[in-house]
Amino acid sequence: MSDLTIETAPYLLGKFYSQFPQLDLEPIYKEGRPSPRDTRCVSCAKPIAAGAIMHTTDFLGDSFGDAAFLKPFSAQRGCLCTDCKIAIAFFPSTMQFSYAALGSDPEGTGKLVSYKVFGIDDYMAAVYNPLPAPFVLARKERKKQHMIWKARVNHHDVREEDLLFFTSGDTSLCAHPQRVLEVACKEQELLTQAAEIHSVGAKKKVRLLKEIVRLSAMKANLCAPTLVFNDYRALAYGIQDEALLSRLDEFCEVVRSFSSGDKHLFAHLRFLGTLKKTTDFKALIGSLKPREVDMQAIIYGKPPVEPGVGD
C-alpha cells in the first residue's frame, strides 16, 4: 500500500511539476532553510529532520483564508515541506490546480497527468473517467480558496470500487459516482412509467410528473444541494397504481440515504442534463471526454481565466 504520509496531494503536484523543467521553481526552493530541529510539516505532517530544508509560513498574510488551518498546537505558525510550499505559494497551484484532477497516466507511462475541472462538463468528465491511483480531484467554489494542497488522495481504483474522495470548496466529500448515475437513470425510468399510466384511460386531465427530485431546489446551491421531492401522491398527478407508488417511495428513500458527496454529484449530473437538454444520462456521460490541463499555457504565461461556480 502507498505511504499515506508521503503520497499527499502536494507531493503528487510537486512530482507532476518536475515533469516540466521549464517551470521556474528555483526561487521557491531557494527560500528554504535548514530546520533547527526534528519537526513535521504543519500541512501534510511529513517528517522534517533537523538540518533538512523547511519553509516558514511567514509569507502567508493574516488575510490568508486558511491561516488557522496551518497553525500547529502552539500559537505560532509552523513550517512547511517544499512540496506544500509549492502547492500553496506557486501561482498555478492556486489557480489552475485549484480546479484540477491529478493522477497516474492511464496509458501506463509512469508519469502523472492532469485534467481540467473548470466547467461542469469537464468536472463530470473527470469524475466519470477517473485517473488511476494515486488520484486527486479538487474544485474550489469561490475566490481566495487554495484547494489542491488540502485534497485527499484516492489510493484505490475509483472506478472498480465506485468510491471517490474529492474536495469541493473547503469540504472533503465521499461519493459513489456509478451509484449516482444509476439513480439518475432510475428517476427517468419511473417518470416514463408514470407518463404511460397517464396516457392510458385517463378520465380527466392530470398533471404530468416531470421530476421526482426538484432541480430548482438543488440549483440554489449545487455544491451542497437541498433535496426537495415532488408530492407524487397528490391527486393532481393522478397516480393510483400502488406498485408504481411503492417504487417511487423506494426511490426517494435511496436518494435520502445519499452521502453529501452523492447529493453533490446528483445535483451536478441533473443540472448538466438540463444544460445538454437530455435525460439519457448514460449516453451523456459516455460523450464527455476529459481535457488535459494546458501546461504550455502555464509555462509560457497565458493568463488564466477564473470561472464561476456554475460554468
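What follows is calculated from the coordinates using simple rules that are stated; it is not laboratory data. Predicted, not measured: the structure shown is a model, and the values here were computed from it. Backbone-built Cβ (ideal geometry, glycine too); neighbour counts: all protein chains shown.
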Going by alpha carbons, how many degrees (0 to 90, nearest 10) lie between the helix axis of 177-199 and the longest principal axis of the chain? 20
Need the full-extension length gain, residue 241 to residue 155, defined as separation in residues times 0.36 nm minus the C-alpha distance. One decimal, nm. 26.3 nm
Which label in (i) 1.00; (ii) 1.07; (iii) 0.95 gives the computed Rg/Rh (Cα atoms, Kirkwood Rh): (ii)
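Output the pairs from 111/289; 186/263; 30/150; 15/276; 15/282; 116/276 with a Cα-Cα distance over 26 Å in this structure; if there are none, say none. Intermediate results must be reported in sequence, preceding the final value.
Numbers: 111/289 20 Å; 186/263 15 Å; 30/150 24 Å; 15/276 37 Å; 15/282 34 Å; 116/276 19 Å.
Check vs 26 Å cut-off fails for 15/276; 15/282.
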Calculate the translational D of the stretch 92-204 in whole µm² s⁻¹ from Stokes-Einstein, where the hydrodynamic radius comes from the Kirkwood formula applied to all Cα pairs, the temperature is 4 °C and the viscosity 1.567 mPa s. 82
Under a plain spin-label model, where a point goes 7 Å from the Cα along Cα-to-Cβ, how far apart in nm are residue 296 and residue 259? 3.9
Largest-first semi-axes in Å of the equivalent ellipsoid built from the Cα gyration tensor of the stretch 177-287 are 25, 15, 13
Between the Cα axis of helix 260-276 and the main Cα principal axis of the chain, the angle (0 to 90°, nearest 10) is 70
